[in-house]
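Just below is one structure, and these are the notes that go with it.
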Amino acid sequence: MSPARPVHVSPGAAHLAPEVLRLLDAWLPEQRWYPVPAQGVRHEPWLTVTFPGVADVVVAFLRLAGPGLAAGSDALVVQVPLVLTPTAEPTADTVDTEAAGLIGTVATRSGTVTVHDGGAHPAAWRAYLGSALPEACGQEDCDEMAGARRISGEQSNTSVMFPALPHDTGQGGMLKILRTVALGPHPDVVIPEALTQAGWDGVPRFLGAVELPAPEAGAAPLAHLAVLSALVADATDGFELACAYAARDEDFGEQAAELGAVVAHLHAVLRRALGPGPGLEPAGFMGVLRRRAAEAFADVPALAPHRAGVTALYDALSARLSAVVEGGGVVPLQPIHGDLHLGQALFSPGGWKVLDFEGEPQRPVSERTAPDLPLRDVAGMLRSLDYAAAVGRATDPHWAAHAQVSFLEGYRQASGEAHEGTVHPVADATRSGSELSVATAELLLRALIVDKALYEVVYESRHRPAWMHIPLTAVERVLTS
């Protein structure tokens, strides 16, 4: 893996005419990856990036400003790669304007310019590819670009497949352009790189990244812009696979158990590669759960009937965790995936691969990257299996429960850390040395499932209201079980 080729960074809106920025103001809120509701939001130019030897690709970094949004270094920043071509240079004969993300045409002081979304345009793909993997030719006629295409359906980022890209372990690459950029090393770069260096094959092999260099020489990147990984051949999206099984009422237990084992191995390798975290501090942990719940109740009135139940559950868990720690016990934390669900896994002839390590996109970066409980990933996958049953319309009422138990059993067996005298999958889904009883571990898992379901309710209320009943039903089911 070669180091990333440096990009050129300019402050503000360099290379971008005011007319182009106004065009983006209208276009951005309509994009699926736009991270906030658009009402009252302003787009403030922060930086622009260009690539050496590439004249028509400009990347705008825009801070989102408005009511309720953080400012300064904590502001949300969106990355908007653009391909700018003078209208005197015809593109319709050589580029499919719909596929290439045509945004519009504007008149500027220097002439009329056609503006394309770089996430959908081959010129921008070549620029990112040449920066992440310098040995790639990056030219218009290079073989690496053969068959390149954007992956449809993504919500928070833009991914491009390069089936012909050669690399040191095979052929084929996947470029992910990170649409929301956070200052500091990005977990979707740092974690896959660490797992690849550790020799673990449960993640697509890390090939390179595009970095926003820090002003100080030798310092860590100011931010990461994109990550390049090896293409997983003949892969199926895990959620689509599970939904297809659910639609046929076909047993998904074997696949779920295999995935549970992969997740257990992921947690073990993360502990070795990135080191363990501190012990859980009950007051801080419960404070975050309570804050998230309060925000969800404020956002979604339909959650109101469950407020008392969530409060009682969290009160019971708080008392149990405090008793463990006050008695000298430790509940250890560690690096985890942070947003694990079936859509973050690929099933291929070589087995399951885990991807997308950026964490829940609506959470603050500090929360997404902090050491956490491995059980949170377990809870996320259990929720995803419930979603698969609902979306796939399984008629077997036990389909989801059987898949969930199979996942837990696969996790337990692979962890090799079963507590002495018990084969209880929930207790064993916590780490060895956590000194949690089965009852406390079950309560903790229930609380994390509720926390995830509350997050899902808020997400669905904003983006897919027709699906909101799925997590709402889960909240009620967990609280009454």
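Structural remarks
- Conditions (1) surrounded by fewer than 20 Cβ atoms within 10 Å (Cβ to Cβ); (2) in contact with a His (Cβ under 7 Å, 6 or more places away or on another chain): number failed by residue 377: (1)
- Any hit, the stretch 40-49, residues being closer than 21 Å to residue 100 by Cβ, assigned by TED's automatic domain parsing to the domain that holds residue 171 and either hydrophobic (A, V, I, L, M, F, W, C) or touching a Phe, Trp or Tyr at 6+ places or on another chain (Cβ under 9 Å) (or both): yes
Residue-wise test of (1) touching a residue at least 40 places away in the same chain (Cβ under 8 Å); (2) farther than 25 Å from residue 348 by Cα; (3) not polar (S, T, N, Q).
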{"site": "120", "(1), (2), (3)": "no, yes, yes"}
{"site": "143", "(1), (2), (3)": "no, yes, yes"}
{"site": "151", "(1), (2), (3)": "no, no, yes"}
{"site": "159", "(1), (2), (3)": "no, no, no"}
{"site": "173", "(1), (2), (3)": "yes, no, yes"}
{"site": "189", "(1), (2), (3)": "no, no, yes"}
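- Hey, residue 55 assigned by TED's automatic domain parsing to the domain that holds residue 210, under 25 Å from the mean Cα position of the chain (by Cα) and either of a type in the set (A, V, I, L, M, F, W, C) or under 15 Å from residue 126 (Cα atoms) (or both) or not: no
- Set side by side, the residues 283, 219, 294, 302 differ, and just one is loosely packed, with under 15 Cβ neighbours inside 10 Å and in the same structural domain as residue 175 (by TED's automatic domain parsing), which is 219.
- Single condition residue 314 does not satisfy, out of (1) closer than 28 Å to residue 157 by Cβ; (2) at pLDDT 95 or above; (3) aromatic (Phe, Trp, Tyr): (1)
- Test: residue in the stretch 159-174 that is among the charged types (D, E, K, R), within 25 Å of residue 235 (Cβ to Cβ) and either assigned by TED's automatic domain parsing to the domain that holds residue 266 or assigned to a strand (DSSP E or B) (or both): no
- One residue stands out in the stretch 455-476 among those that are of a type in the set (Asp, Glu) and surrounded by fewer than 19 Cβ atoms within 10 Å (Cβ to Cβ): the one that is farthest from the chain's Cα centre (by Cα), namely 476.
- Count - residues of the stretch 140-187 that are within 17 Å of residue 120 (Cβ to Cβ) and more than 25 Å from the chain's Cα centre (by Cα): 3
- Hey, residue 194 surrounded by fewer than 21 Cβ atoms within 10 Å (Cβ to Cβ), in contact (Cβ under 8 Å) with a residue 24 or more places away in the chain, assigned by TED's automatic domain parsing to the domain that holds residue 61 and farther than 30 Å from residue 45 by Cβ or not: yes
- The set of residues in the stretch 152-193 being of a type in the set (A, V, I, L, M) and at pLDDT 90 or above consists of 160, 161, 164, 165, 174, 175, 177, 178, 189, 190, 191.
The values are calculated or read from the model by the stated rules, or taken from the named source; none is laboratory data. This is a predicted model, so every value here is computed, not measured. Cβ coordinates were reconstructed from backbone atoms using ideal geometry, including for glycine residues, and neighbour counts include every protein chain displayed.
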